[in-house]
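Engineer: First the structure, which I've put down as structure tokens, then a few questions once you've had a look.
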Amino acid sequence: MSNPRLTHQWQHLDQRTVVGLQGAGLHSYLRDCVVPFSPHYGKLFKERGLTADDFHSVADLRKLPFTSKEDLLPTEDNPRRTLEFVLTPDAKALARRPSVMLRALLRGRKRVHDELEREWRPIFMTSTTGRSTEPVPFLYTQHDIRNLGLGSGRIVEIGGVRSDERMINMFPFAPHLAFWYMYYSGLDRNIFSLATGGGKVMGTEGNIRAVLKLKPQILVAMPTFLYHVLQLAVEQKLRFEGLRLLVLGGEKVPDGTRVKLADLCAQLGSPDVRIMATYGFTEAKLAWTECPIAPGTPPPGYHLYPDQGIVEIINPETGELVPDGEGGEIVWTPLDQRGTVVLRYRTGDRCEHGITWEPCPCCGRRMPRLVGNISRVSDVHALRFQKVKGTIVDFNELERALDDMPGLGAWQIELRKAHDDPLDLDELNLHVARTGDTSEAALEHALHEKLHAHFEITPNKVLFHSAAELRTLQKVGVALKEQKVVDHRDEPRRAEPAREAPRPSPQASYP
Ligand SMILES: [Zn+2]
């Protein structure tokens, strides 16, 4: 369970100390919380002949099998399968614990009863967005809400947000991690924060009005939505002066996107914005953040919170741990959660350079960091890559390439069937808006070159639009999340429901 030293000095301790404290924390967390009270893991430990005593170090984790997304999905026999991952304490067992008996003696039974209720009873949830599968709920108790504030407060801390500054949180209002994480960040650190609910709740115009009225220093948003808000404000010749920090999450944040967002901020009268990207996922019940950096600076990686959990990087094919600095799949084990708990959870997300323990080059904090691009891959393997004309295309890379492209503003990839015939070849059309003074011919040429060189595909059509038309195509202010990839291949048939876009699920979205 959480160790005060790890929680209060999480950014200052050296690797040996951190790993040592994590190992001790893992043992007591398994012993006191997970093994006795998790139906799923209680059974699994029993079946494998394991007890909490088999786990005294981080290295011991490898004795435990991975948990995957599939383990959480409802089955016909077991439609409420995720509840097996919810810690469900036995009141009598808790009451017999010496620590609880002592507390009852000192503070009175009623008070201890209330404290235990707050620690263990789920009162809140977020869920995965479930584009390709059923949404999976993750339950929180008050204990988890406190950790939500602790973790998200570190975004405020690392961002250097001052108490006289104001934040606007434009994440879409939904039972998804991203919105609530940022909601609690301001509350925890006593920072004024307005949650607009994003485009679907207040519209793009409503978000612009909120910025004009509140004059925030910090904007928190998904990069695509923020791009449209800033772009529209530039079109309307408005001034957003005093912006100094953009906190981004819920989607990839390629370098090109950072440059484009900062450029729009400069046009609005805020020339020196810093950008920090966050990474999280529903199953972790938290998100990590980079240091704020100037656009064009190499991202320093996500600062992990070692008191909250253990991040392992594995070879996705073999399941073996990889050495620090080597890329692989991100695996998560919490150290202090109640409610829904997953151990050694395989995210399906690949981190390019894995983990480093070197002090952060920006802030000097010492704690592990996740370094390099993280490719969010969907929970269903088949959705990771789409077959377009028989070519495997990694949409993570394709989207990043488009976001990085100079002269290209908003864009949308549209997949169709040639001649609207379900048996015909797939087509890939690019809907694009220009920025700056690149000509249409030059941009089209550059797009063809890039897609051919890096992905061996040639777009069937490149269609030019105004920024306003792209906002309509992406359903800005209408959909919960902007649609950058749409799949219209099933439309003519109408026999089965339209397939979801072949992009990583936005649960990813952390949400
Ligand atoms: Zn840093």
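Engineer: Using the structure shown, decide if Thr282 is of a type in the set (S, T, N, Q), open to solvent by less than 10 Å² (accessible area, probe 1.4 Å), under 16 Å from the mean Cα position of the chain (by Cα) and away from the ligand (no atom under 16 Å from the Cβ).
Structural biologist: So Thr282 passes the test.
Engineer: Further question on the same structure: Check segment 328-340 and report whether any residue there is of a type in the set (Phe, Trp, Tyr) and over 25 Å from Asp403 (Cβ atoms).
Structural biologist: yes
Engineer: Those residues that are open to solvent by 50 Å² or more (accessible area, probe 1.4 Å) and more than 10 Å from the ligand (Cβ to nearest atom), I need them from segment 355-365; list them, please.
Structural biologist: Passing the criteria: Trp357, Glu358.
Engineer: I would also like to ask the following. Pairs only if they're at least six apart or on different chains, beta carbon under 7 angstrom, first in segment 352-364 and at negative phi and in contact (Cβ under 8 Å) with a residue 12 or more places away in the chain, second open to solvent by 40 Å² or more (accessible area, probe 1.4 Å) and part of a loop (DSSP other than H, G, I, E, B); list them, first residue then second.
Structural biologist: That search, which allows pairs on different chains as well, returns Glu352/Asn373; His353/Gly325; Ile355/Asp324; Thr356/Asp324; Thr356/Gly325; Trp357/Asp324.
Engineer: Separate question: Go through Asp349, Asp324, Asp336 for me and flag whichever is among the acidic types (Asp, Glu) and either at pLDDT below 95 or within 16 Å of the ligand (Cβ to nearest atom) (or both).
Structural biologist: Sole residue among the options that is among the acidic types (Asp, Glu) and either at pLDDT below 95 or within 16 Å of the ligand (Cβ to nearest atom) (or both): Asp349.
Engineer: Looking for whichever is assigned to a loop (DSSP other than H, G, I, E, B) and closer than 14 Å to Gly477 by Cβ here; the options are Gly250, Gly197. Which one fits?
Structural biologist: Gly197
Engineer: Among the residues of segment 490-499, is there at least one that is outside any loop (DSSP other than H, G, I, E, B) and open to solvent by less than 70 Å² (accessible area, probe 1.4 Å)?
Structural biologist: Looking through segment 490-499, none of the residues is outside any loop (DSSP other than H, G, I, E, B) and open to solvent by less than 70 Å² (accessible area, probe 1.4 Å).
Engineer: Right, next: In the set Pro316, Pro254, Pro298, Pro323, which member is touching a residue at least 60 places away in the same chain (Cβ under 8 Å) and either of a type outside the set (S, T, N, Q) or open to solvent by 10 Å² or more (accessible area, probe 1.4 Å) (or both)?
Structural biologist: Result of the check over Pro316, Pro254, Pro298, Pro323: Pro254.
Engineer: Pull out all pairs, ordered by first then second residue, where Cβ-Cβ is under 8 Å, the residues are six or more apart or on different chains, the first lies in segment 91-103 and is in contact (Cβ under 8 Å) with a residue 60 or more places away in the chain, and the second is part of a helix (DSSP H, G or I) and among the β-branched types (Val, Ile, Thr).
Structural biologist: none
Engineer: To continue, here is another question. Would you confirm whether any residue within segment 86-106 is open to solvent by less than 40 Å² (accessible area, probe 1.4 Å) and within 29 Å of the chain's Cα centre (by Cα)?
Structural biologist: Within segment 86-106, one or more residues are open to solvent by less than 40 Å² (accessible area, probe 1.4 Å) and within 29 Å of the chain's Cα centre (by Cα).
Engineer: A further question follows. When you go through (1) touching a residue at least 40 places away in the same chain (Cβ under 8 Å); (2) closer than 30 Å to Thr340 by Cβ; (3) within 13 Å of the ligand (Cβ to nearest atom); (4) hydrophobic (A, V, I, L, M, F, W, C) one by one for Ala287, which number turns out not to apply?
Structural biologist: The single condition Ala287 does not satisfy is (3).
Engineer: Which of the residues belonging to segment 226-246 are aliphatic (A, V, I, L, M) and farther than 20 Å from Thr129 by Cβ?
Structural biologist: Val229, Leu230, Leu232, Ala233, Val234, Leu238, Leu243, Leu245, Leu246
Engineer: Is it true that Tyr29 is open to solvent by less than 50 Å² (accessible area, probe 1.4 Å), assigned to a helix (DSSP H, G or I) and out of contact with any Asp or Glu (no Cβ under 8 Å at 6 or more places or on another chain)?
Structural biologist: no
Engineer: Counting just the residues of segment 133-160 that are part of a helix (DSSP H, G or I) and β-branched (Val, Ile, Thr), which one comes out farthest from the ligand (Cβ to nearest atom)?
Structural biologist: Ile145
Engineer: Here's another thing I want to ask about it. May I ask you to list the residues in segment 32-52 that are hydroxyl-bearing (Ser, Thr, Tyr) and in a helix (DSSP H, G or I)?
Structural biologist: Correct list: Tyr41 only.
Engineer: Assess whether Thr297 counts as being of a type in the set (S, T, N, Q) and within 16 Å of the ligand (Cβ to nearest atom).
Structural biologist: Judged against the criteria, Thr297 is a match.
Engineer: How many residues are open to solvent by less than 10 Å² (accessible area, probe 1.4 Å) and either over 21 Å from Arg471 (Cβ atoms) or among the polar types (S, T, N, Q) (or both) when one looks only at segment 257-274?
Structural biologist: 2
Engineer: Looking at segment 107-132, which of the residues that are under 30 Å from Leu73 (Cα atoms) and in a helix (DSSP H, G or I) is least open to solvent (accessible area, probe 1.4 Å)?
Structural biologist: Looking at residues that are under 30 Å from Leu73 (Cα atoms) and in a helix (DSSP H, G or I), I get Trp120.
Engineer: Within segment 440-472, how many residues are part of a helix (DSSP H, G or I) and open to solvent by 60 Å² or more (accessible area, probe 1.4 Å)?
Structural biologist: 10
Engineer: What do you reckon, is Arg376 under 25 Å from His465 (Cβ atoms), among the basic types (Lys, Arg), modelled with pLDDT of 60 or more and more than 16 Å from the ligand (Cβ to nearest atom)?
Structural biologist: No, not satisfied.
The values are calculated or read from the model by the stated rules, or taken from the named source; none is laboratory data. Source: prediction; values computed, not measured. Note that each Cβ is placed from the backbone with ideal geometry, even for glycine, and that neighbours are counted across all protein chains shown. Side chains are part of the model used for accessible areas, which takes the heavy atoms of the whole protein and leaves out ligands, DNA and RNA. Shrake-Rupley method; radii C 1.70, N 1.55, O 1.52, S 1.80 Å.
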